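In what follows, a structure is listed as structure tokens, so that the remarks can point back to it.
The values are calculated or read from the model by the stated rules, or taken from the named source; none is laboratory data. The shown structure was predicted, so the numbers you read here are calculated from the model rather than taken from an experiment. With ideal geometry, Cβ positions are generated from the backbone for all residues, glycine too; neighbour counts draw on all protein chains shown.
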Amino acid sequence: MDMMSDDPIASYLLDEVTARAAHRAASYARAGVDMLCLGDDIGMQRTPMMSLELYCKWLKPRLAAVIRAARAVNPDILVFCHSCGFVTPFLPPSD
């Protein structure tokens, strides 16, 4: 609800979570892991949990920041993102 109402507390909380996740990701990369495993459910059984617009505004940039933090330490680190449910709308079109 906070994301939908553009509540400033949502930005604050998500930024705090992102900062901590980015710190952990960079620490894992420094430790020499081969793969960074991330995950957050964004889909339900038959529908996404949120609109693509909300995802792109609130979550995608923060996920990208976590990945950037790891790749700043190790540009070759593999990233595995897991999500349960229907996530097709969030995936890039295939050729």
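Under the condition of being in contact (Cβ under 8 Å) with a residue 40 or more places away in the chain and of a type in the set (Phe, Trp, Tyr), which residue from region 40-84 is nearest to residue 5 (Cα to Cα)? The extreme case among them is 58.
For first residues located in region 2-21 and closer than 16 Å to residue 54 by Cα, partners that are modelled with pLDDT under 90 and surrounded by 14 or more Cβ atoms within 10 Å (Cβ to Cβ) and lie 6+ apart or on another chain with Cβ distances below 7 Å form the pairs 9/2; 10/2; 10/3.
One residue stands out among those in region 40-56 that are in contact with a Phe, Trp or Tyr (Cβ under 8 Å, 6 or more places away or on another chain) and not in a loop (DSSP other than H, G, I, E, B): the one that is surrounded by the fewest Cβ atoms within 10 Å (Cβ to Cβ), which is 52. Restricted to region 57-95, and to residues that are of a type in the set (D, E, K, R) and under 23 Å from residue 34 (Cβ atoms), which residue is surrounded by the most Cβ atoms within 10 Å (Cβ to Cβ)? Per the stated criteria, the residue is 71. Among the residues making up region 69-84, those that are in a helix (DSSP H, G or I) and hydrophobic (A, V, I, L, M, F, W, C) are 69, 70, 72, 73. Filtered by the rule that a residue be surrounded by 15 or more Cβ atoms within 10 Å (Cβ to Cβ) and not in a loop (DSSP other than H, G, I, E, B), region 3-30 gives 10, 14, 18, 21, 22, 25, 26, 28, 29.
Looking at 66, 33, can you tell me which residue is farther than 16 Å from residue 86 by Cα, β-branched (Val, Ile, Thr), at pLDDT 95 or above and assigned to a helix (DSSP H, G or I)? Can you show your working first?
Values: 33 fails: assigned to a helix (DSSP H, G or I).
Every option except 66 fails the conditions.
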